[in-house]
């Protein structure tokens, strides 16, 4: 690992400078890890921060400026650069034309008064510029989620490699994009060129539009009271009943809209929302009589796409093919058809029709070998405490120490999404590559773990999800699925995006 190489270099340099082994040993725990990649996170005053303080050369700066240009939306683009070499980078700045560039020498007295801006902070392994980046962070909760955009990009490409070149891709970003924050992931997906975004409710689509996202958005459960917002923000509703369709058309008439795109949801066996076969004749007649709407797509949901060679799934696909063909042939314009979700793409690729819907598969959390887990969850040790044999720990005194031990208190709890039932030794975290089991009950905002025998320091990094344990393993221990784990991530958790 690069971090280990950096530590080795620091040790060797200290030896050359004449420091004793004892002095070096005391200083090693004080070393902080250097960022080795670009980080993106929300900043104060509605700023977006791009922290690229590890490298500063022409190529890395151009990459960061290109990223900023693609993701800034309506925000002003500002660059804070920790160097005196103004002439070296002028040609790059002339190419990308940020609104403002600040060459910063006096970082100690630097004051930020920026608002509603995309701020790129860069400097070659510049600790002082890194400090500025951290000071501008919107939330400083020690517990944070990390989303690897490179892994998401890889996973999307992996799914696309199974598809025909003409097959369109709809990416689901409902429920805050499975806990990752739909605004940031939506912008990322738009820049990747996906054909559609999908949300559950109109307000989720409105939030994306207000952040400047222009990609077509399918709203899967468009409620009647949200029809006006749906139209005002150019969102495309899923229509699943004649009553809903009639109400939506009446709203379109009030807005003087014609040929408005809608998506027809067909019932094929899931027994949730959707038109049944007996309603299709009346549906087609209604659509022919109403110029206000135009069918953009016909779709359905598979009930058990994760089961390979499922007769029920094959039957659903057959029914969908027949019903969608029955509707499509009644109209002279092309209509998209889609039924496959992430598991369906993998297990029933031949049923891709014209478009597929990729959701949780983007994050690579279900153990597929060809995918990369894009989510990590970290915290740090707040305090260490010695516990004597016979002492209890936590609420309800559910844990008593059987011997003298050391525990670490970590600022994460069930209010962050770590289910309370994982307490009492049912789960653990990793500190310095060592598994540390929970002791006592999980609190709303804290957990206690056994760190006996581990050379732990306050401030040490704690892994909840990451290299040693996955979203899937956490879900199994919670007796649930990865979807519930991810959508339970609290809004108060800081979210960081790396590339």
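Where a number appears in this text, it was derived from the coordinates with a stated rule and is not lab data. All values derive from a computational prediction rather than experimental measurement. Methodologically, a virtual Cβ is constructed for each residue, glycine included, from the backbone with ideal geometry; neighbour enumeration extends over all protein chains shown.
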Q) For region 39-138, what number results from the quotient of the Cα radius of gyration and 2.2 N^0.38 Å? A) 0.95
(Q) Based only on other Cβ atoms within 10 Å, what is the fewest-to-most ordering of 12, 77, 372? (A) 12, 372, 77
Q. Which distance in Å, rounded to a whole number, links the C-alpha centroids of region 321-368 and region 372-448?
A. 43
Q: Taking the Cα atoms of region 101-186, report the difference between the largest and smallest coordinate on each principal axis, in whole Å and largest first.
A: 56, 27, 24
(Q) Can you give me the Kirkwood hydrodynamic radius for the chain, using every pair of distinct Cα atoms, in Å to one decimal? (A) 25.7
**Q.** FRET E, pair residue 57, residue 24, Förster distance 45 Å, beta-carbon r, rounded to 0.05
**A.** 0.90
Q.
Need one number: % antiparallel among DSSP beta bridges in the chain, to the nearest 5.
A. 45
Q) Per the Debye formula with a single identical scatterer at each Cα and no solvent contribution, what log10 I(q)/I(0) holds for region 62-220 at q = 0.11, 0.18, 0.19 Å⁻¹? A) -0.57, -1.20, -1.26
Q) Taking only DSSP H segments of four or more residues, each worth -39500 (n - 2.57), what value at 222 nm results for the chain once the sum is divided by all its residues, to the nearest 500 deg cm²/dmol? A) -9500 deg cm²/dmol
Q) Percentage of Cα-Cα pair distances in region 149-363 greater than 28 Å, rounded to whole percent? A) 26
Q) Can you give the percent of C-alpha pairs in region 375-498 whose distance is more than 26 Å? A) 16
Q.
In Å and on Cα atoms, what radius of gyration and Dmax does region 429-497 show?
A. 13.1, 35
Q. Scaled to the compact-protein estimate 2.2 N^0.38 Å, what is the alpha-carbon radius of gyration of region 147-251, rounded to two decimal places?
A. 1.14
Q: Can you figure out the FRET efficiency of residue 308 with residue 247, using R₀ = 41 Å and their beta-carbon distance, to the nearest 0.05?
A: 0.50
Q) So what's the angle, to the nearest 10 degrees on a 0 to 90 scale, between helix 242-254 and the longest Cα principal axis of the chain? A) 90
Q.
Given bins 5 angstrom wide, list per bin the percent of all Cα-Cα distances in region 265-382, short to long.
A. 2, 10, 18, 19, 15, 12, 8, 5, 4, 3, 2, 1, 1, 0
